């Protein structure tokens, strides 16, 4: 099936679903685009449908372009290889504004998709693979071995199911031209060759078409990295399980978990905690964390302890292994310190939420 035929078929399916669903009313949040997009994505991760719809209703009023991009990002970061059909739906719908008007308008399409996403499974293995391929020192020897590799060598590695997923991920990042650490620098970036190689693998063709379209619209490496995991993700039975979620603290109508290092008040709250908490100071000194990186370390650990957590996570062997390997990487501290840091932050969330509330009030609720 050619890509345009594929997306036409996807739109037919989505049109039927939009037509059979009653568009829910959602009261917009009184906040800005940055906080609304944070709320929406994290609410989808947690299956909090009403909250996700309210955040989307905010964005459709004040920042429609960002709303569509964030839905695509959410599909790639959080739904992953377990929900390719949902990724295809949001990609196809985002490409055709006139089609959206014929089936009931923007809100009818977006609200239908968000309900489906909240009911679906979460799989962040592409994101985990990206983090590992970029930052895991355990891959340095493999990267060094690629010093003389050419494009055909890298394409073979990334499509070879006998290669570890981590090796396939490194090959993808090199061909994309992204920083993969000590890796060949003589390869000209050629994203199209990645999707062509996976398309040539037969049963990858329709999946490669979806992720190629996703990459063209987002430029996120997670799209081709998902193809590295496709065979592994199909070959096993999977189950869903909920992450260990901290209790939700509400600051007005906003959940505090939305105020992370990617938002202005969240960043300010993190800074205040990092440089005023004696408990964090003692931990940072114990593990020789550079003072200039205290705030970045706190922000990253908060995100992993709270913001990145999901309900109905797909439990499968390769995905679980990547999740565990990625969890201790790129946290501005030694890997051995991360479990202790996560436990510390979980205990200190009430204090962090106090700083969040103060920062949000100072910012005027935005």
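Summary table
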read-out: The chain: most fluctuating residue of 60, 289, 352 per GNM, C-alpha cutoff 10 Å; value: 289
read-out: For region 1-45 and region 334-366, distance of Cα centres in Å; value: 31
read-out: q = 0.15, 0.21, 0.34 Å⁻¹, region 160-200: log10 I(q)/I(0) [Debye, one scatterer per Cα]; value: -0.36, -0.68, -1.17
read-out: Cα-based convex hull, the chain, per residue volume (Å³, whole number); value: 137
read-out: GNM result for the chain, Cα springs below 10 Å: residue of 65, 100, 156 fluctuating most strongly; value: 65
read-out: Value of D in µm² per second that Stokes-Einstein yields for region 250-362, Kirkwood Rh from Cα pairs, at 20 °C (1.002 mPa s); value: 146
read-out: Whole-angstrom gap from region 62-89 to region 276-325, using each part's C-alpha centre; value: 25
read-out: Residue among 240, 200, 320 with the largest mean-square fluctuation in a Gaussian network model of the chain, springs linking Cα atoms under 10 Å; value: 200
read-out: Simple label model, 7 Å out from Cα along Cβ direction - residue 351 to residue 317, nm; value: 4.4
read-out: FRET efficiency estimate (nearest 0.05) - Cβ-Cβ, residue 340 to residue 193, R0 41 angstrom; value: 0.40
read-out: Point-to-point label distance, residue 162-residue 276, nm (Cα→Cβ direction, 7 Å offset); value: 6.0
read-out: Average projected area [Cα convex hull, region 226-303], square nanometres; value: 8.6
read-out: Label point at residue 151 placed 7 Å out along Cα→Cβ; residues across region 181-214 whose backbone nitrogen lies under 14 Å; value: 186-198
read-out: Surface/4 of the Cα convex hull for region 10-124, nm²; value: 6.1
read-out: Efficiency of FRET from Cβ geometry, residue 12 and residue 358, R₀ 45 Å, rounded to 0.05; value: 0.35
read-out: Pairwise label distance in nanometres, residue 30 with residue 262, each label 7 Å out on the Cα-Cβ vector; value: 2.6
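No lab work stands behind these numbers, since they all come straight from the coordinates. Computed from a prediction, not measured in an experiment: that's the story for all the values here. Don't worry about glycine lacking a Cβ; one is built from the backbone with ideal geometry, like all the others, and counts go over all protein chains shown.
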